[in-house]
Amino acid sequence: MAVKVGMVSLGCSKNQVDAELMLALIVQGGYELCADAQACDVVIINTCGFIEDAKRESIETILEFAQMKEAGKIKAVVVTGCLAERYREQVAMEIPEADVVLGIGRNAEIIRAIEDALAGKRTVAFGEKDALPLEGERILANEPFYAYLKVADGCDNRCSYCAIPLIRGDFRSRPMEKIVEEAKRLAARGVTELNVVAQDTTRYGEDLYGRLALPELLEELCKIDGVRWVRILYCYPDRITDRLLDVMAREEKIVKYMDVPIQHVSGRILKLMNRRGGAESLAALMEKIRLKVPGVVLRTTLITGFPTETEEEFTELCEFIRAVRFERLGCFAYSAEEDTPAGEMDGQIDEEVKRRRAQVVMEQQYDIMEEVNRAQLGKTLTVAVEGREGKLWYGRSYMDAPDIDTKVFFTSGRKHLPGDYVEVMIDGVEQYDLKGRALD
């Protein structure tokens, strides 16, 4: 009887891709994948170690499965991912219940580690960060009609608040031909939506080709038969070029959606973050994107409560949001991370103040989102079906990325499968989501 292996992957889409590569290795190794944790022999927790809340979730999840192991419900607990890589021996020492602790540079050794764990041998192993596998077969962990396409790993931006370079290492692009080959394999399996990701997607190719090659890559992806939507996530403001915007506007398969995390708008705060620009230059960039890509949906991510952020600078941020009116927005209270320059800065702000400011931003964005949604009333949107909830089907339009954005709920006189594309007339708004009826 095959040994059953389950996985819980936490954190971002890039970490999910790492998990999917490991899942394929596990199947190739003769193990059976299992969705029900209580029915598994081995559980892998692919952790996130980015900010405090994510670390807490990772640790709580590890301890939950450690208790199941102690109760005899599972045989082995395996810890991989960013928390394991960032804290290495500390994780191994403080969580002795973990039978395996693998750094990202040892993901390729997952089969041997599982075998040793089942034989009663503990594995604690770390390698070079650039040994993280970026190529190989994947088993998708989401609905099979969409996939994340990771074009690079690591980061060279060195934002002062961010631990990603410490965890993932320097930025390194995948060869374009390898990415296109993977995209073709995914399309052959029925994937119709490619979500292009990296820590800094717009930097793609700079290290390999000496130029920003994302526009060229996007053109190649749009040539692939079967691919219907190509979405770009994690765009760094300084590297959004005219060429990129021209390709976005011209290529029908590229959804008119751009994720541009700006973090803040105060020039002083951005300088402390080791980022460039300010409110004026960022507003000009958003205006330029909207001018060159008509109908584009802009998404951003913000940080409140960065060290020394004043009430005046927070007010400037709120005023900027009201003026620019992002269609999609996420906001996080600043998390002071060990071994980052910002974590050592004077002027750390009280946790309650940081969270209150984040809440104010999201309450303000709710009003903007309501206006954005009401502007869709009477329009027809193409919706990628994800599933059914009660009597309503639901999915995403071009305006919504997987996992992080909103949904479109709709009625229909016929049955649908995940991955179907349906024309939906929008006739209602419910909080952040849209409602409508399929034009059957």
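Of Ala333, Ile254, Ile321, which is farthest towards the positive pole of the range 195-333's charge dipole, taken about the Cα centre with +1 and -1 on the beta-carbons of Lys, Arg and Asp, Glu respectively?
Farthest towards the positive end: Ile254.
Report, by chain and number, residues whose modeled amide H sits under 5 Å from the one on Cys331, excluding near sequence neighbours (fewer than 5 apart, same chain).
The list, which skips near neighbours in sequence, is Leu302.
Putting +1 on Lys and Arg Cβ atoms and -1 on Asp and Glu Cβ atoms, find which of Ala24, Met7, Ile51 reaches farthest to the positive end of the dipole of the range 4-131.
Towards the positive end, the residue furthest out is Ala24.
Based on alpha-carbon centroids, what's the gap between the range 129-155 and the range 239-261 in Å, whole number please?
Between the Cα centres of the range 129-155 and the range 239-261 lies a distance of 22 Å.
Evaluate Rg over Rh across the range 168-291, taking Cα atoms for both radii and Kirkwood's formula for Rh.
Numbers: Rg = 15.5 Å, Rh = 15.5 Å.
Answer for the range 168-291: 1.00.
Under 5 Å between amide H atoms, partner at least 5 residues away or on a different chain: which partners does Leu392 have, H built in plane at 1.01 Å?
Close amide H contacts, sequence-distant or interchain: none at all.
So what's the gap between the Cα centers of the range 334-388 and the range 193-207, to the nearest angstrom?
The distance from the Cα centre of the range 334-388 to that of the range 193-207 comes to 23 Å.
Hey, could you get me the Stokes-Einstein D for the chain, Kirkwood radius over alpha-carbon pairs, 4 °C and 1.567 mPa s, rounded to whole µm² s⁻¹?
Details: Rh = 23.1 Å.
Here the translational diffusion coefficient equals 56 µm²/s.
For the chain, what's the relative contact order in percent, using C-alpha pairs closer than 8 Å and at least 6 residues apart?
10 percent
Roughly how big is the range 4-131's charge dipole about its Cα centre, with Cβ charges of +1 (Lys, Arg) and -1 (Asp, Glu), in debye to the nearest 20?
I would put it at about 160 debye.
Magnitude of the Cβ-charge dipole of the range 1-60, K/R +1 and D/E -1, about the Cα centre, nearest 20 debye? Don't skip to the answer; put the middle values down first.
Details: 4 positive and 9 negative charges, 23 e Å.
For the range 1-60, the charge dipole is close to 100 debye.
List the lysines whose Cα lies under 23 Å from the Cα of Lys129, skipping any in the same chain that are fewer than 8 positions away.
Result set, ordered by chain and number: Lys14, Lys55, Lys150, Lys178.
For the ranges 353-362, 3-12, what's the packing order if you count other beta-carbon atoms within 10 Å of each residue, average per peptide, and put the highest first?
Those peptides, ordered most packed to least, come out 3-12, 353-362.
What is the magnitude of the charge dipole of the chain about its Cα centre, with +1 placed on the Cβ of each Lys and Arg, -1 on the Cβ of each Asp and Glu, and no other charges, expressed in debye to the nearest 20?
The dipole magnitude comes to about 1120 debye.
Label the range 380-438 by shape, choosing from rounded, prolate and oblate, from the square roots a ≥ b ≥ c of the eigenvalues of the Cα gyration tensor; if a/c is under 1.5 it is rounded, and otherwise prolate applies when a/b is larger than b/c, oblate when it is not.
In terms of gyration-tensor shape, rounded.
Using amide H atoms built in the peptide plane, which far-off residues or other-chain residues are under 5 Å from Asp156 H to H?
Phe171
How large is the translational diffusion coefficient of the range 296-440 in µm² per second when you combine the Kirkwood radius over alpha carbon pairs with Stokes-Einstein at 4 °C and 1.567 mPa s?
So the translational diffusion coefficient is about 76 µm²/s.
Cα to Cα, under 18 Å, and not fewer than 8 places away if on the same chain: which lysines meet these conditions relative to Lys435?
Lys379, Lys391, Lys407, Lys415
Among rounded, prolate and oblate, which fits the range 4-131 when a ≥ b ≥ c are the square roots of the eigenvalues of its C-alpha gyration tensor, a/c under 1.5 means rounded, and a/b larger than b/c means prolate? Mind showing how you got there, number by number?
Values: a/c = 1.30, a/b = 1.13, b/c = 1.15.
The shape class here is rounded.
Under 17 Å from the Cα of Lys69, which lysines turn up, not counting those fewer than eight places away in the same chain?
Partners within reach: Lys4, Lys121.
Just so you know, all these numbers are worked out from the coordinates, no wet-lab data involved. Everything quoted here is computed from the prediction, not taken from an experiment. All Cβ positions, glycine included, derive from the backbone under ideal geometry; neighbour counts span all protein chains shown.
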